[in-house]
Structure formats: structure tokens, C-alpha cells
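Asker: Take a look at the following structure, please.
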Amino acid sequence: MKRKLKLGLAVVAFLAVAFVFFAFYYAGAWLKKEEIPIKADAIVILAGPPSRALSAADLYAKGFAPIVYISRPVREGELKLLNTMGIDFPRMEDIVRQILVKKMCPKGAYGFWETP
């Protein structure tokens, strides 16, 4: 009787672990949802890859918001060191601004959002 109970508990434990593994493995597909953008007061481009600026410029061009805010992330230590050495390395917000200009966002349509 004890052997059947242990075997049953082992099977239940195995199935529970298999379920948890399956749930975590496929969670991304379950949670991935394509959201349709809606009109807003502003578009905010947070620090990250320049592709965010491309998406923001496209949303602006389609009329989803009248202004685009660019965040100014804290400068990393290595990049600060380059500045102190007189080596000019562009700031990410300057790259984002250049992308917006190339994507035809007029000068008054974007501004900088200061992070505290």
C-alpha cells in the first residue's frame, strides 16, 4: 500500500513539474498580444535601442500624438570617461533626435523629458 502511495505521489509531482515547465515555456506566446495603438497626448521614447525612435516617429506621422518626448538617460561611466578625455561620443538622446528629424518630425513636435 505504501509503495502505491509513493508511486502515486511521484507521478503527481512529475505531472506538476511538467505542467510548470510547460506553462513557463509557453507563457511568452500566451502573453504576447498585439495591441492597436490609440491616440494619446504624447509619445515618450524611453532609453533603449534607436528602433524605439523609429516606431515613435511612425506613430507621430500617423497622428497618434501631437508631441514626442525623448528621455535623457543617465550617462554611463565609460561614456563619461570618453567625454573627460575630449572624445566626442554622441548621447543617445541626440541620436534619437536625429532619427526624428530624418523621419520628418518638425522641430516643435519633440522635446526632452527630464528624468529625475
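Asker: How big is the chain by the Kirkwood estimate over distinct Cα pairs, in Å?
Answerer: 18.4
Asker: Further, regarding this structure: For a 23 Å ceiling on Cα separation, which of these pairs sit above it: K80/K102; K62/K103; K80/K107?
Answerer: Pairs exceeding the cut-off: K80/K102; K80/K107.
Asker: Ranking W30, W113 by Cβ neighbours within 10 Å, fewest first, what do you get?
Answerer: W30, W113
Asker: If R₀ is 25 angstrom, what is the calculated FRET efficiency for the pair K103 and E78, using the beta carbon separation as r and rounding to 0.05?
Answerer: Efficiency, rounded to the nearest 0.05: 0.30.
Asker: Treating the beta-carbon of each Lys and Arg as +1 and of each Asp and Glu as -1, no other charges, what is the dipole magnitude of the chain about its Cα centre, to the nearest 20 debye?
Answerer: Here the chain has a charge dipole of around 780 debye.
Asker: Using the Cβ atoms and a cut-off under 11 Å, what net charge is assigned to the surroundings of V101, where Lys and Arg are +1 and Asp and Glu are -1?
Answerer: Net of charged neighbours comes to +3.
Asker: Suppose every Lys and Arg Cβ carries +1 and every Asp and Glu Cβ carries -1, with no other charges. What dipole size does segment 55-110 come out with about its Cα centre, to the nearest 20 debye?
Answerer: The dipole magnitude comes to about 220 debye.
No value in this document is a laboratory result; all are computed from the given coordinates. If you're wondering where the values come from, they're calculated on a predicted model, not measured in any experiment. Note: ideal-geometry Cβ built from the backbone for every residue, glycine included; neighbour counts use all protein chains shown.
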